Amino acid sequence: MKIICIGRNYAAHARELNNPVPKRPVIFMKPPSALLVNNKPMYYPDFTKDLHYECEVVLKIKKNGRHVQPEHASGYYEEITLGIDFTARDLQSELKEKGHPWELAKGFDGSAAVGKFIPKSEIEGDSIRFDLMKNKEIVQSGNTTDLLFPFDDLIVFVSKFFKLQMGDLIFTGTPAGVGPVKIGDQLEGIIQTNSGAQKVLRCQIR
Ligand code: ZN
């Protein structure tokens, strides 16, 4: 499986890091070894002094496909959850400055925390509201109606370059409000569903 990530997919987040709003999706990948599941803790890596959270809606790809047409795109994912795209921001800034790839700053072990999947049918319409809490305080709030490239557009775009395979994950981008974590912090991701708020993700920094 592969983990496909979208950068700068919310205009307000692109601006907070002084990046231009992109004309096509910004794509990067994390290796399967980045995956962190079952609410396991994240161990603060020793190569960064500025580990950041980025809370994102994650799609699970349910069937294989290449060159997916827009009218079929929504059939490629049925389950969603929240994830945290952990980022070594200091290292990423250094790599960006040099024009180098971001993998060291974003693809390290445990950098893709993924919550419990829920059927997308538990959310009515296209508006998915979600929050990230750090130590019981809301630090990020997102609504997928603010996505520059909605889910279906991402499926169409990504599948032109990479064959989508069952079990692949797509991190769909983070809203504004990214910030640092320190050892001991507790992160919790909450999605608003038809039956109320669901805590789908928990991750402690150790
Ligand atoms: Zn991200």
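So, in region 128-182, exactly how many residues are over 15 Å from the mean Cα position of the chain (by Cα) and among the hydroxyl-bearing types (Ser, Thr, Tyr)?
Looking only at that region, the number is 2.
For every residue, the table says whether it meets (1) of a type in the set (D, E, K, R); (2) within 16 Å of the ligand (Cβ to nearest atom).
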residue	(1), (2)
Ile3	no, yes
Arg8	yes, yes
Lys49	yes, no
Lys60	yes, no
His67	no, no
Tyr76	no, no
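Six or more apart or on different chains, Cβ under 9 Å: which pairs go from a residue in region 76-91 that's more than 17 Å from Lys62 (Cβ to Cβ) to one that's of a type in the set (A, V, I, L, M, F, W, C) and in a helix (DSSP H, G or I)? Could you list them?
Listed by first residue and then by second, the contacts come to Phe86/Ala34; Thr87/Ala105; Ala88/Leu104; Ala88/Ala105; Arg89/Ala105; Asp90/Ala105; Leu91/Leu104; Leu91/Ala105.
Of everything in region 187-203 that's among the polar types (S, T, N, Q) and under 18 Å from the mean Cα position of the chain (by Cα), which residue is farthest from Gln140 (Cα to Cα)? Please lay out each step first, then the result.
Within region 187-203, the first condition is being among the polar types (S, T, N, Q), and the residues that meet it are 192-195, 198.
Going one step further and asking which of them are under 18 Å from the mean Cα position of the chain (by Cα), we end up with 192, 198.
Working: Gln192: 14, Gln198: 16 Å.
Top of the filtered list is Gln198.
Which residues, counting only those in region 12-48, are in a helix (DSSP H, G or I), under 21 Å from Gln140 (Cα atoms) and either open to solvent by 70 Å² or more (accessible area, probe 1.4 Å) or touching a helix residue (DSSP H, G or I) at 6+ places or on another chain (Cβ under 7 Å) (or both)?
First, pick out the residues of region 12-48 that are in a helix (DSSP H, G or I): 12-16, 32-34.
With the extra rule that they be under 21 Å from Gln140 (Cα atoms), the set shrinks to 12-16.
Across region 12-48, the qualifying residues are Arg15, Glu16.
Quick one: Thr174 ticks every box in (1) part of a loop (DSSP other than H, G, I, E, B); (2) modelled with pLDDT of 95 or more; (3) surrounded by fewer than 22 Cβ atoms within 10 Å (Cβ to Cβ) except a single one, so which number is it?
So the condition that Thr174 fails would be (3).
For the condition at positive phi and of a type outside the set (Lys, Arg), what is the one hit in Gly110, Gly142? Talk me through it step by step, then tell me what you get.
On the way: Gly142 fails: at positive phi.
Step by step, each of Gly110, Gly142 is checked, and only Gly110 is at positive phi and of a type outside the set (Lys, Arg).
Would you check if Leu154 is within 14 Å of the ligand (Cβ to nearest atom) and either open to solvent by 20 Å² or more (accessible area, probe 1.4 Å) or not charged (D, E, K, R) (or both)?
Yes, satisfied.
Only one of Arg89, Arg129 is among the basic types (Lys, Arg) and away from the ligand (no atom under 16 Å from the Cβ). Can you tell me which? Full working, then the answer.
Details: Arg89 fails: away from the ligand (no atom under 16 Å from the Cβ).
None of the others qualify; the one that does is Arg129.
Mind checking which residues of region 49-63 are touching a residue at least 60 places away in the same chain (Cβ under 8 Å) and either in a loop (DSSP other than H, G, I, E, B) or over 21 Å from Gly189 (Cβ atoms) (or both)? Write out each step before concluding.
First pass over region 49-63, keeping only residues touching a residue at least 60 places away in the same chain (Cβ under 8 Å): 50-63.
If the condition is that a residue be touching a residue at least 60 places away in the same chain (Cβ under 8 Å) and either in a loop (DSSP other than H, G, I, E, B) or over 21 Å from Gly189 (Cβ atoms) (or both), then Asp50, Glu54, Lys62, Lys63 are the ones that fit.
Looking at Val68, is it more than 28 Å from Gln198 (Cα to Cα), crowded, with 16+ Cβ neighbours inside 10 Å and either modelled with pLDDT of 95 or more or among the polar types (S, T, N, Q) (or both)? Step through it out loud before you land on a result.
Values: more than 28 Å from Gln198 (Cα to Cα): yes; crowded, with 16+ Cβ neighbours inside 10 Å: yes; either modelled with pLDDT of 95 or more or among the polar types (S, T, N, Q) (or both): yes.
Against the criterion (more than 28 Å from Gln198 (Cα to Cα), crowded, with 16+ Cβ neighbours inside 10 Å and either modelled with pLDDT of 95 or more or among the polar types (S, T, N, Q) (or both)), Val68 qualifies.
The values are calculated or read from the model by the stated rules, or taken from the named source; none is laboratory data. Being a predicted model, the structure only gives us computed values, none of them experimental. Backbone-built Cβ (ideal geometry, glycine too); neighbour counts: all protein chains shown. To get the accessible areas, we keep the full protein, side chains included, count just its heavy atoms, and leave off ligands, DNA and RNA. Shrake-Rupley method; radii C 1.70, N 1.55, O 1.52, S 1.80 Å.
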